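Only one structure is covered here, and it is reproduced in the block below.
Please treat every number below as a calculation from the coordinates, not as lab data. Remember, predicted model here, so these are calculated numbers, not experimental data. Reconstructed Cβ throughout: ideal geometry from the backbone, glycine too, with neighbour counts over all protein chains shown.
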Amino acid sequence: MWLPAYFRDWQVKLAIAAVVTVAIGIESAWRHYRQRRSESWPVAQALIKKAAVHDSKSESILTLWYSYPAPGEQYSISAEFQKAFYSHEEACLWGDALSGKTVPVRLDPRNPWKSFMLDIDLQPIVASTSSVKLTPNGLQAI
């Protein structure tokens, strides 16, 4: 086998798997924490300027670039939102449905330069397009 002996050792494989699992868990927990924290933030209206889908080995990432007016700021603030999908088609469906739309965005009351988009705020907008329906498993193409 072309791998060094230390990579064939089952303990090393188990340790690598554990580190990857912990990293994924931390990322998920951090996103959940940020989402819960932002649910009570004031809502502003953001304009989605651009949507793009990028594929990796195991998922498709939807990136939305948006801008919103913030209290006390002369110009709109630009930001981006990313959401992972298992299906490329669903990611594209979300991107097509949201591109060019005005959507709710949550603003940090202590720092309006920090914003957060919630899936629960975006789902009704995506569902209102004629090509999807809301099911118990999420949005699905018709």
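Odds and ends about this structure:
- Rounded to whole Hz, the Karplus (6.51, -1.76, 1.60) HN-Hα couplings of the range 100-112, x for glycine and proline: x, 8, 9, 10, x, 9, 8, 10, 5, x, 8, 8, x
- Per principal axis, descending, Cα span of the range 38-82 in whole Å: 42, 24, 11
- With semi-axes defined as the square roots of five times the eigenvalues of the C-alpha gyration tensor, the equivalent ellipsoid of the range 13-93 measures 30, 19, 10 Å, largest first.
- If R0 is 25 Å, the Cβ-Cβ spacing of Ala84 and Val12 corresponds to a FRET efficiency of close to 0.35.
- Sequence-distant residues sharing a close amide H with Ala70 (under 5 Å, placed H): Ile77
- Residue by residue, the range 38-49 carries 3J(HN,Hα) couplings of 7, 4, 9, 6, x, 9, 10, 9, 10, 9, 6, 8 Hz when phi is fed to the Karplus relation 6.51 cos²θ - 1.76 cosθ + 1.60 (θ = phi - 60°); x denotes Gly or Pro.
- Backbone HN-Hα couplings from phi across the range 83-94 [Karplus 6.51/-1.76/1.60, Hz, Gly and Pro as x]: 9, 8, 10, 7, 10, 4, 4, 5, 4, 5, 4, 4
- In the range 42-141, the alpha-carbon atoms span a convex hull of 97 Å³ per residue.
- Spacing of the two label points (7 Å from each Cα toward its C-beta) at Asp121 and Glu59, in nm: 2.1
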